[in-house]
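Novice: Before I ask anything, let me first share the structure, which is written out below as structure tokens.
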Amino acid sequence: MDVPDWLSEARRICVLTGAGISTESGIPDYRGPDGVWTRDPDAEKLVTLSYYLRDPEIRRRSWLLRRELATAGVQPNAGHAALVDLEQQGRLRALLTQNIDGLHSAAGSTEVYELHGTVHQVVCTACEERMPIADVLARVDAGEPDPDCPVCGGVLKTATVYFGEALDPAVLDAAAAAAADCDVFLAVGTSLGVYPAAGLVEVAAAHGARVVIVNAEPTPYDGLADLVVREPIGTALPLLLGAPPAR
Ligand SMILES: [Zn+2]
């Protein structure tokens, strides 16, 4: 793979990652052929706020599913490691992710903007108290199928963005600011089909950034991109983002 000079010389790279970077860690793309949504057509209700808040049965099924996914024992892969390396080179402007799996932090990235939240934390829908999901899953295992908030008795949910919920405006603002202030915008493992991912590409391009897309499937922004890479993410990212040769 030929790495263009403008990429080797980039100093403020903004990276956006999606489900594709985590499939190599064994996490199925929820919308893919083996995904939860595809296997259980009712599953979308488990993360739709209105259903979740009014139906204890939905919440019971949701916690059981969270426990099933949490015990998978997944580890970060070479794609995540390449982004840690990019940060250590001092060339990372910001790391934005649509993923809720926490694998960037697990790999060692120090500042990650999680656009859709994180599955590792639980939040109270009434008082906004936060707690580790491990504590809540332990209560499920101990016989509480629908654990309530230890502070106010409210309904608990994972600190992820459910259907019917807005994204965190502070995270969204930081992501937009980074997209407007980078020399390269690198989209990895995302179909760029949903908000806000698509908008961030447009912001970056409008501010003069080069656009790189690494994704197995075509995206609506391939025509706008300066470089499109179809190789597997775990092999492509170390090549694309390796430390530039000394001059
Ligand atoms: Zn509460």
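Novice: As a test of understanding, state the convex hull volume per residue of the range 110-188 from its alpha carbons, in Å³.
Specialist: Roughly 131 Å³ of hull volume per residue.
Novice: Of all the accessible heavy-atom surface of the chain, with the other protein chains kept in place and a 1.4 Å probe, what percent is carbon and sulfur?
Specialist: 52
Novice: For the range 36-165, count all C-alpha to C-alpha pairs, find those more than 22 Å apart, and express that count as a whole percent of the total.
Specialist: Roughly 41 percent, once rounded to a whole number.
Novice: What's the ranking of 115-126, 55-66, 135-146 by average number of surrounding C-beta atoms within 10 Å, highest first?
Specialist: By packing density, highest mean first, the sequence is 115-126, 55-66, 135-146.
Novice: Sticking with this structure for a sec: Given 20 °C and 1.002 mPa s, compute D for the range 96-150 with the Stokes-Einstein relation, Rh being the Kirkwood radius over Cα pairs; round to the nearest whole µm²/s.
Specialist: 171
Novice: Separate question: Where does the charge balance sit around MET1 when Lys and Arg score +1, Asp and Glu -1, over other residues with C-beta under 12 Å from its C-beta?
Specialist: -1
Novice: To continue, here is another question. Take the eigenvalues of the Cα gyration tensor for the range 95-247, scale each by 5, and report the square roots as semi-axes in whole Å, largest first.
Specialist: Sorted largest first and rounded, they come to 35, 17, 14 Å.
Novice: OK, next. Explain nothing, just the number: relative contact order of the range 171-247, from Cα pairs under 8 Å at least 6 residues apart, as a whole percent.
Specialist: Reported as a whole number, the value is 27 percent.
Novice: Rounded to the nearest whole Å², what accessible area per residue is found for the chain with the 1.4 Å probe?
Specialist: That works out to 47 Å² per residue.
The values are calculated or read from the model by the stated rules, or taken from the named source; none is laboratory data. As the structure is a prediction and not an experimental result, all values here were calculated from the model. In this analysis, Cβ positions are derived from the backbone assuming ideal geometry, glycine residues included, and neighbour counts consider all displayed protein chains. Just the protein is used for accessible areas: all its heavy atoms, side chains included, with ligands, DNA and RNA removed. Shrake-Rupley method; radii C 1.70, N 1.55, O 1.52, S 1.80 Å.
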